[in-house]
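These notes concern the structure reproduced below.
The values are calculated or read from the model by the stated rules, or taken from the named source; none is laboratory data. This is a predicted model, so every value here is computed, not measured. Glycine gets a Cβ as well: all are built from the backbone with ideal geometry, and neighbour counts include every protein chain shown.
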Amino acid sequence: MEREMILEVVDLDICFQLRGKVLHAIRDVSMELYQGEILAIVGESGSGKSVFTKSFMGLLDKNGYVAGGSIVYFGGEEEREVNLTAISRERDWRRIRGHEIAMIMQDPMTSLNPLKTIGSQIMEAVLLHQKVGRMEAIKRTLKHLEDVGIQEPEKRFEQYPHEFSGGMRQRVVIAIAIACNPKILVCDEPTTALDVTIQAQILDLLKELRHKYNLSVILITHDLGVVANMADRVAVMYAGDIVEIGTSEEIFYDPKHPYTWALLSSLPQAGQKGSDLFSIPGTPPSLYVDIKGDAFANRNPQALKIDFVKRPPYFQVSPTHKAKTWLLDKRAPKVTLPPIVEKIRKGGLF
Ligand SMILES: Nc1ncnc2c1ncn2[C@@H]1O[C@H](COP(=O)(O)OP(=O)(O)OP(=O)(O)O)[C@@H](O)[C@H]1O
């Protein structure tokens, strides 16, 4: 089946000006997002996940700017293409933000107004984005509350955010996002602040809603474990670049980039104690200087000579899978896979 593209990013570069220096946060990134899919973006803190997705909504901090490349959105009114990188006026961003592309942040309290009932906050979004009258807006608000799994919606409508638990608040934030009728929902670490069991419920809810509302979901997380049962595709981000992208199966069972191996190796395994957990040695390179070669080379025990000299291009592994690593070059030597990667390949972990 032909998948319909909803967003296409080509050769995107994003920089920040800071105290007279330039930080190159997103380095030449290309990516496609398809209608109705869940794409997870995983990577360590500082790898650029938030900056990348904020650029789709005109939410970069004031000292940030797109230095090159394009972001094209295909779902605009009357299916018009919109070049998001060409938007500069706040008024034009407001037509996209929320309405076409909505975002859910880690801490629901930052997006809720503590002084307004949750019903009125969802209803505001309905009135603004769904162009209906008051009575219909109330009906739809109650329906959205039900859709996000909040029971007794009539009673809950009148309550304030402090009367909700953390997980319930996140459901309210999701209801507000849904009420804006977006085609893309960006979820930035939506469950990090929640208990493990609640985390799973929120992720299940997102899975359910993407079908109900035909949403494309971008799930940002630093935890590869979260995405195993959730995402259709996974993009692995390192030092401002997507170094590997593929279907969930491909990333978990046939990963190619040493950074993806390292992320998989740091997943907690059954029976492991805190001190046994593997953490990736070293630190990512500074984004203030031009990075030579493969940005992961200095942390990669199996790095080749060329990794320190020349940036790898994408090597296509399958029609849906590609990775930027010289190990995929025909001339590269065979290397041994880390034990956990071998174990997962043999079906030992998921
Ligand atoms: N306003 C800013 N000025 C300067 N640098 C910035 C600014 N905002 C972000 N950065 C830098 O851009 C890089 C990418 O940051 P980003 O927040 O996207 O990372 P992340 O992968 O989302 O991390 P986390 O998981 O911690 O949220 C980091 O080096 C960060 O310090």
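Report, by residue number, each residue of the stretch 1-20 that is at pLDDT 95 or above and within 13 Å of the ligand (Cβ to nearest atom).
Scanning the stretch 1-20 gives LEU12, ASP13, ILE14, CYS15, PHE16, GLN17.
Filter the stretch 39-69 for residues that are of a type in the set (A, V, I, L, M, F, W, C) and touching a Lys or Arg at 6+ places or on another chain (Cβ under 6 Å); which is surrounded by the most Cβ atoms within 10 Å (Cβ to Cβ)? Walk me through it before giving the result.
The initial filter retains those residues of the stretch 39-69 that are of a type in the set (A, V, I, L, M, F, W, C), namely 39-42, 51-52, 56-57, 59-60, 66-67.
Restricting the remaining residues to those that are touching a Lys or Arg at 6+ places or on another chain (Cβ under 6 Å) gives 39, 41, 57, 60.
Details: LEU39: 24, ILE41: 27, MET57: 19, LEU60: 18.
In this case the residue turns out to be ILE41.
Those residues that are among the basic types (Lys, Arg) and either under 28 Å from TYR213 (Cα atoms) or near the ligand (Cβ under 8 Å from one of its atoms) (or both), I need them from the stretch 21-58; list them, please. Spell out the reasoning first.
Pass one, the stretch 21-58, residues among the basic types (Lys, Arg): 21, 27, 49, 54.
Matches in the stretch 21-58: LYS49, LYS54.
Would you confirm whether or not the stretch 143-158 contains a residue that is at positive phi and in a loop (DSSP other than H, G, I, E, B)? Step through it out loud before you land on a result.
Of the stretch 143-158, the ones at positive phi are 149, 152.
Within this subset, residues satisfying the condition of being in a loop (DSSP other than H, G, I, E, B) are 149, 152.
Checking the stretch 143-158: at least one residue is at positive phi and in a loop (DSSP other than H, G, I, E, B).
Across the stretch 59-69, which residue is farthest from ASN83 (Cα to Cα) among those that are more than 7 Å from the ligand (Cβ to nearest atom) and not small (Gly, Ala, Ser)? Can you show your working first?
Going residue by residue through the stretch 59-69, those that are more than 7 Å from the ligand (Cβ to nearest atom) are 59-60, 62, 65-69.
Still in the list and also not small (Gly, Ala, Ser): 59-60, 62, 65-66.
Values: LEU59: 15, LEU60: 16, LYS62: 20, TYR65: 15, VAL66: 13 Å.
The extreme case among them is LYS62.
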